[in-house]
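Working notes, beginning with the structure itself.
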Amino acid sequence: MGPTEQMSRQLSYAKAILEATDQAMSLSKDVIVLGQLVDTQSGIFGTTTGLATKYGADRVMDFPVSENLMTATAMGAALTGLRPVIAHQRLDFMIYSLDAIANWLALWRFKSNGESAMPVTIRTIVGKGWGQGPQHSKSLHAWFAHLPGLRVAVPATAYDAKGLLLESIFSQTPAIFVEGRGLYSMLDEVPEEPYRVRFGQAVVRRPGADVTVVAIGNLVPVALKAAAALEKEGIDVEIVDPRTLNPLDRKTLCDSAFKTRRLVVADPAWHSFGAATEIITTVVENLGDKLKAKPVRVTLPDSHTPMSMSLEPEYYVDESDVIAAVKQTLA
C-alpha cells in the first residue's frame, strides 16, 4: 500500500486514528480492538467511535479496569492469529501491564527463535491539560524504546498517525503507539486510501541551514512555531521529526546536524536518561568535533507534574524554550 493519490483532504489526528483502525478492520477480520470504553459513542476522544456498531461486540470489546489482564488477553489473542489493537487511555496506568510487556511481549519472538510472533499494537495516550497531576501525565516513550523487540511510534501529524498505525497493525512486531492528547484536534492532509508509513524513517518538517531542532511528538508543532518566530530574526531552523524512536533513523538526524553543525532536541519527557540524551549521543558519536556548539536539550524538568494550573506553564515546554535553546547554540 502507498499514498499514491492526491492529498487534498483535511483530517484531524483523532479521526485519522479512527480511519486507520476502521480500514484495518475492513481489510482483515483478524483485527480486533480492546480497551476501556472503546465501544462507546465517545470512543476514546473519537478514535474508536462507531466501530462497535459496524463490526460488533466480538471485534470491538470494552474491558474492565485491569490493564495487565487486557494486555495479556491481547497477547494470547495474537498467538491464535488475531491482530489486537488495545487502547490504554493513560500511559501512567499502562504501567500495570509492564510485566506482560517487558517480560513476555517484547521478547516472545526472540525466545521462539523467530518462529512465533505477537503482533499486538498498544495505543497509549499522554497529554497536557487533560486531568493532569503526577499520576496522569508521564511521558515514558523512552522506557519502551529501550526494550529490544518493541517498536515505538510517536506520531506528530494526522498523516503519520494513520500510516504508522496501519503499519503497526499489519506488522509481525509488537508496537507501542504514543499519542499526544493535544494533537487530536490538529488537521493535516490525509489520503483516504490505506497507506503505511515505515518505522525508522524520520522526516524533515522544515528545511533550514543554521540550527537543527529534532522535535518529538507533541513538541513538533511547538518547534515549528518557534522556527517561524526565529525566521523573522534571520535565523533559519531545520525541524526534524523522528516519527519513531525504535527504530530510530540515526542517519537523517546526523545528516541534518552535519549540515547545520548545531543541534537542539525538544523532547516532551524528563531531562535525564531520555530520548533526547540518546539522540544527542548518536549525533556526537558520529560527528565528533564537527559541531560548532554544544547540543542543547529542551525537556521537562526532573520533577513530577504539578497539580496547580498556575504552575503548569512553568513545567511544560513552549516555543519560548525552543527559541532560547536555538539562540544558545548560536551565541
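The values are calculated or read from the model by the stated rules, or taken from the named source; none is laboratory data. What you see is a predicted model; the values in this text were computed from it and never measured. Reconstructed Cβ throughout: ideal geometry from the backbone, glycine too, with neighbour counts over all protein chains shown. These area figures cover heavy atoms from the full protein model, side chains too; ligands, DNA and RNA do not enter into them. Shrake-Rupley method; radii C 1.70, N 1.55, O 1.52, S 1.80 Å.
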**OP:** Working only within the range 107-137, note down all residues that are among the charged types (D, E, K, R) and either free of Cβ contacts under 8 Å to residues at least 60 places away in the same chain or more than 15 Å from LEU219 (Cα to Cα) (or both).
**Re:** ARG109, LYS111, GLU115, ARG123
Original post:
Would you pick out the residues in the range 195-218 that are in contact (Cβ under 8 Å) with a residue 60 or more places away in the chain and part of a loop (DSSP other than H, G, I, E, B)?
Top reply: TYR195, ARG196, ASP210, ILE216
Subject >> Restricting the range 145-169 to residues that are assigned to a loop (DSSP other than H, G, I, E, B) and of a type in the set (A, V, I, L, M), the residue that is surrounded by the fewest Cβ atoms within 10 Å (Cβ to Cβ) >> reply: LEU147
Subject >> Failed item, numbered, when ILE125 is tested on (1) in a loop (DSSP other than H, G, I, E, B); (2) hydrophobic (A, V, I, L, M, F, W, C); (3) at pLDDT below 95 >> reply: (1)
**OP:** Pairs only if they're at least six apart or on different chains, beta carbon under 7 angstrom, first in the range 13-31 and free of Cβ contacts under 8 Å to residues at least 60 places away in the same chain, second assigned to a helix (DSSP H, G or I) and open to solvent by 10 Å² or more (accessible area, probe 1.4 Å); list them, first residue then second.
**Re:** LEU18/GLY46; MET25/TYR55
Subject >> Unique match (being open to solvent by 10 Å² or more (accessible area, probe 1.4 Å) and modelled with pLDDT under 95) among ARG198, ARG181, ARG206 >> reply: ARG181
Subject >> All positions within the range 17-36 that are closer than 20 Å to LEU91 by Cα and open to solvent by less than 30 Å² (accessible area, probe 1.4 Å) >> reply: ILE17, THR21, VAL33, LEU34, GLY35
**OP:** Taking ALA142 as meeting all but one of (1) assigned to a loop (DSSP other than H, G, I, E, B); (2) in contact with an Asp or Glu (Cβ under 8 Å, 6 or more places away or on another chain); (3) open to solvent by 20 Å² or more (accessible area, probe 1.4 Å); (4) not β-branched (Val, Ile, Thr), write down the number of the exception.
**Re:** (1)
